[in-house]
1. For the condition at positive phi, surrounded by fewer than 24 Cβ atoms within 10 Å (Cβ to Cβ) and more than 19 Å from the chain's Cα centre (by Cα), what is the one hit in GLY205, GLY136, GLY219, GLY182?
2. Got a number for residues in region 76-129 being over 17 Å from the mean Cα position of the chain (by Cα) and either on the phi > 0 side of the Ramachandran plot or of a type in the set (Val, Ile, Thr) (or both)?
3. Taking ASP141 and the conditions (1) under 29 Å from GLU303 (Cβ atoms); (2) crowded, with 24+ Cβ neighbours inside 10 Å; (3) of a type in the set (D, E, K, R), which numbered condition does it fall short on, given that it satisfies the others?
4. Give the residues of region 241-289 that are of a type in the set (Asp, Glu) and in a helix (DSSP H, G or I), sorted by residue number.
5. Taking the criterion of being assigned to a helix (DSSP H, G or I), charged (D, E, K, R) and modelled with pLDDT of 95 or more, would at least one residue in region 202-219 satisfy it?
6. Given the residues GLY99, GLY111, GLY106, which is the only one that is surrounded by fewer than 16 Cβ atoms within 10 Å (Cβ to Cβ) and closer than 30 Å to SER30 by Cβ?
7. Of the residues SER38, SER93, only one is in contact (Cβ under 8 Å) with a residue 12 or more places away in the chain, part of a strand (DSSP E or B), of a type in the set (Ser, Thr, Tyr) and within 26 Å of TYR260 (Cβ to Cβ); which?
8. In the set ALA285, ALA331, ALA275, which member is surrounded by 20 or more Cβ atoms within 10 Å (Cβ to Cβ) and at pLDDT 95 or above?
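The values are calculated or read from the model by the stated rules, or taken from the named source; none is laboratory data. This one's a predicted model, so the numbers in the text were calculated from it and none came from an experiment. Cβ placement follows ideal geometry from the backbone for every residue including glycine, while neighbour counts extend to all protein chains displayed.
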Amino acid sequence: MKFSRREFMKTAGFAGTFFLSGCGRAGGPSPAGVPNWSPAYAKLEAEGKLDERIEQAFARLEKCDICPRECGVNRRRGEKGFCNLDDRLKVHSHSPHFGEELPLVGRRGSGTIFFSYCNLRCVFCQNYPIAHEGRGRYVEDSDLARMMLDLQNRGCHNINVVTPTHILPHIISAISIACKQGLKLPICYNTGGYDSLDNIKLLDGIVDIYLPDLKFMDGEKAEKYAVQGVRDYPRRAQAAIKEMHRQAGDLETDSRDIAYKGVMLRHLVMPNRVAGTREFVRWVADNLSTKTYVNIMSQYRVEHRAFEYEQISRAITSEEFVEAIDWAREAGLENLDRRSMQQYHIHRRRAGG
Ligand code: SF4
């Protein structure tokens, strides 16, 4: 039987005592060796403050400024902005995922939920059918909550919401529902980085792990290859990431090396230095911390429409990846992703270094 969000909230209110006793406590693996840990949202829910955030988030759909595009459409009346979604929630899939960073994957996988549509339009998108075409199915917030609990029951170490920005209100609502039924995993906010500062402030005390991309350091290149129509990606993403770091800090892992709190930053090395990797690593060192967990990724592929753009119509060379990691080390970054360092040594041998 399906419930709408409001119907479910009414039911949850009726049975509040039972649900609160389960919030953040029952089921699923906890961080090992971290006594008395509970996910960020559990405290807000117990204090009755999560509902307020849900209302605030849904209100922003009425003149949508959920992301920096600030389309101003009324999604609650069925209007659609750049991301092509009204006020419904569309999910492509949910499953344990073993391709994410090792502190997220652990032994039982990261509990990923892929959402349909996106507020970016990367010409090199590797998830084009989901992010651009919006493949998936419409579901209720209570269905999303059930997916979260299913991933917890399957032993995943976190709930990894992929491309969450444009459906933020639904995610907070689903967390609240799932929390009342015993969700206790950390929430990992896995974003392309084009988030408004207000959005991230709304997530203070809800999200445990932030996993943002910082894709470009130059507004013109960001506009051309990813954002389409605006040049403010670097400024917006940097402001959002600084706020994420203020909230969650550097990455913290348990005795099994599994993440439960903090920022994990991603940056994809692109051909011909178009991503601005040298500027990126310096920015991290100067604005966050040299202890920031940084994944400098080597897996750029010519996907979607990338072949139409001369500068990015090839894979990166070994030399390009080696120089990227060398820049990171020169900048003093000391917590580089383990798999990217393995790639570094392979590429160094290939490059004859
Ligand atoms: S979330 Fe969608 S509709 Fe809202 S401002 Fe962003 S792109 Fe526009």
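1. So the residue among GLY205, GLY136, GLY219, GLY182 that is at positive phi, surrounded by fewer than 24 Cβ atoms within 10 Å (Cβ to Cβ) and more than 19 Å from the chain's Cα centre (by Cα) is GLY182.
2. The qualifying residues number 4.
3. Status for ASP141: all satisfied but (1).
4. Scanning region 241-289 gives GLU243, GLU279, ASP286.
5. Scanning region 202-219 turns up no residue that is assigned to a helix (DSSP H, G or I), charged (D, E, K, R) and modelled with pLDDT of 95 or more.
6. Of GLY99, GLY111, GLY106, the one residue that is surrounded by fewer than 16 Cβ atoms within 10 Å (Cβ to Cβ) and closer than 30 Å to SER30 by Cβ is GLY99.
7. None of the others qualify; the one that does is SER93.
8. Checking each option against the conditions leaves just ALA275.
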